[in-house]
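As structure tokens, the structure follows; a few thoughts come after it.
The values are calculated or read from the model by the stated rules, or taken from the named source; none is laboratory data. Since the structure is predicted, the reported quantities are computational estimates derived from the model, not experimental observations. No Cβ is skipped: glycine too gets one built from the backbone with ideal geometry, and neighbour counts run over all protein chains shown.
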Amino acid sequence: MAISFVATRATTGTAATTSTVTVATSTAIAVGNVLIIAVKISGGNTVSSISDTRTNTWLVGAYNQTAGPDIDIWYQYVTTPYLAGDLITITTGGTNQINNVVLLEFSGLSRDFGSVLDAQNSPGTTAAPASATTKTMALTTSTKWKELVVAGVATSGASGQTFTYNTGNGWTGVNTTGPGSVAQLGIQWKIQTAVGTESTTISWSLSAQYAYAMASFYPKNSSMGMLGVGT
């Protein structure tokens, strides 16, 4: 079964100083699909937990916590279906600005190997890098099958950003929303057409410090994908 993009289920943000943000699912979500949340936080903190109305289990896919911006990519394989309007709550380890949240839904992913997550580029806790307007990143290992890959950048500062994505190489960018100046999260995803290494570049309009992360996820019938057969 091939991986398919279902929909962007939410994009939101806040300028308030808070330790939690809640988003509502815009429609019902079926068992067996995968939800991926990307979050940008200010203030040198990171996501400590994600919970929802249906008590599904959320896991960390990749993250980069700096003294400035933080980016988190979390995911879950839906085991209890959602109804439209069900709530997902993101909590940080301190009182910070959870500036941007993006919620994506995909089908055709697998937990046959114990986890839907395969490869990562998850820098963890690092010093904030010098200000820049572009970041090239790569998975730390090759994908084992034709997988879903998600990559993101979060920037710091008081100004919103316009992000440019690697659309010429099969990537799809997701435009985040937020109150005015806090549109500071750039996310893109790709369904691979070949097994192997994966890298990408995301650029943004105003020079700023940044955090970045990248993760890939198994398709169903993964053993066929390993043999180079479309699934």
Being within 21 Å of T8 (Cα to Cα), at pLDDT below 95 and surrounded by 19 or more Cβ atoms within 10 Å (Cβ to Cβ) narrows it down to one residue among V101, V153, V149; which is it? V101
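Residues being aliphatic (A, V, I, L, M) and within 12 Å of the chain's Cα centre (by Cα): count how many of those fall in the range 65-88. Show your work before the answer.
Residues of the range 65-88 that are aliphatic (A, V, I, L, M), as a first pass: 67, 71, 73, 78, 83-84, 87-88.
Those still in the list that are within 12 Å of the chain's Cα centre (by Cα) too: 71, 73.
The qualifying residues number 2.
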Which condition breaks for A128 when tested against (1) over 25 Å from A7 (Cβ atoms); (2) modelled with pLDDT of 90 or more? (2)
Restricting to the range 1-22, name every residue that is under 23 Å from V149 (Cβ atoms) and of a type in the set (A, V, I, L, M). M1, A2, I3, V6, A7, A10
Within the range 159-218, can you find the residues that are of a type in the set (V, I, T), over 24 Å from V23 (Cα atoms) and not in a loop (DSSP other than H, G, I, E, B)? T164, T167, I191, T200, T201, I202
Taking the condition of being in a strand (DSSP E or B), surrounded by fewer than 18 Cβ atoms within 10 Å (Cβ to Cβ) and aliphatic (A, V, I, L, M), how many residues in the range 12-39 meet it? 1
Among the residues of the range 48-96, what is the count of those that are in contact with a strand residue (DSSP E or B) (Cβ under 7 Å, 6 or more places away or on another chain), outside any strand (DSSP E or B) and not aliphatic (A, V, I, L, M)? 10
Against the definition (among the β-branched types (V, I, T), at pLDDT 90 or above and farther than 18 Å from G124 by Cα), how does T91 come out, yes or no? no
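Just one of S26, S42 is touching a helix residue (DSSP H, G or I) at 6+ places or on another chain (Cβ under 9 Å) and among the hydroxyl-bearing types (S, T, Y); which is it? Reasoning before the result, please.
Values: S26 fails: touching a helix residue (DSSP H, G or I) at 6+ places or on another chain (Cβ under 9 Å).
Exactly one of S26, S42 is touching a helix residue (DSSP H, G or I) at 6+ places or on another chain (Cβ under 9 Å) and among the hydroxyl-bearing types (S, T, Y), namely S42.
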The residue that is nearest to G186 (Cα to Cα), considering only those in the range 75-98 that are surrounded by 21 or more Cβ atoms within 10 Å (Cβ to Cβ) and out of contact with any Asp or Glu (no Cβ under 9 Å at 6 or more places or on another chain), is I98
What are the residue pairs meeting all of these: first residue in the range 59-80, first residue without any contact (Cβ under 8 Å) to a residue 12 or more places away in the chain, second residue buried (at least 22 other Cβ atoms within 10 Å of the Cβ), Cβ atoms under 6 Å, and 6 or more apart or on different chains? none
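Go over the candidates D112, D118 one by one and state the one that is surrounded by fewer than 17 Cβ atoms within 10 Å (Cβ to Cβ), charged (D, E, K, R) and either in contact with a helix residue (DSSP H, G or I) (Cβ under 6 Å, 6 or more places away or on another chain) or more than 20 Å from I29 (Cα to Cα) (or both). Give the steps one after another, and end with the answer.
Working: D118 fails: surrounded by fewer than 17 Cβ atoms within 10 Å (Cβ to Cβ).
Being surrounded by fewer than 17 Cβ atoms within 10 Å (Cβ to Cβ), charged (D, E, K, R) and either in contact with a helix residue (DSSP H, G or I) (Cβ under 6 Å, 6 or more places away or on another chain) or more than 20 Å from I29 (Cα to Cα) (or both) holds for just one of D112, D118, which is D112.
Filter the range 103-140 down to residues that are assigned to a loop (DSSP other than H, G, I, E, B) and either in contact (Cβ under 8 Å) with a residue 24 or more places away in the chain or in contact with a Lys or Arg (Cβ under 8 Å, 6 or more places away or on another chain) (or both), then give me how many there are.
Residues of the range 103-140 assigned to a loop (DSSP other than H, G, I, E, B): 108, 110-116, 122-123, 126-131, 139-140.
Filter once more, so that each one left must be either in contact (Cβ under 8 Å) with a residue 24 or more places away in the chain or in contact with a Lys or Arg (Cβ under 8 Å, 6 or more places away or on another chain) (or both): 108, 110-113, 115-116, 122-123, 126-131, 139.
Final tally of qualifying residues: 16.
For A132, state whether it is under 25 Å from Q192 (Cβ atoms) and surrounded by 14 or more Cβ atoms within 10 Å (Cβ to Cβ). If you could, list the steps in order and put the result at the bottom.
Values: under 25 Å from Q192 (Cβ atoms): no; surrounded by 14 or more Cβ atoms within 10 Å (Cβ to Cβ): yes.
No, not satisfied.
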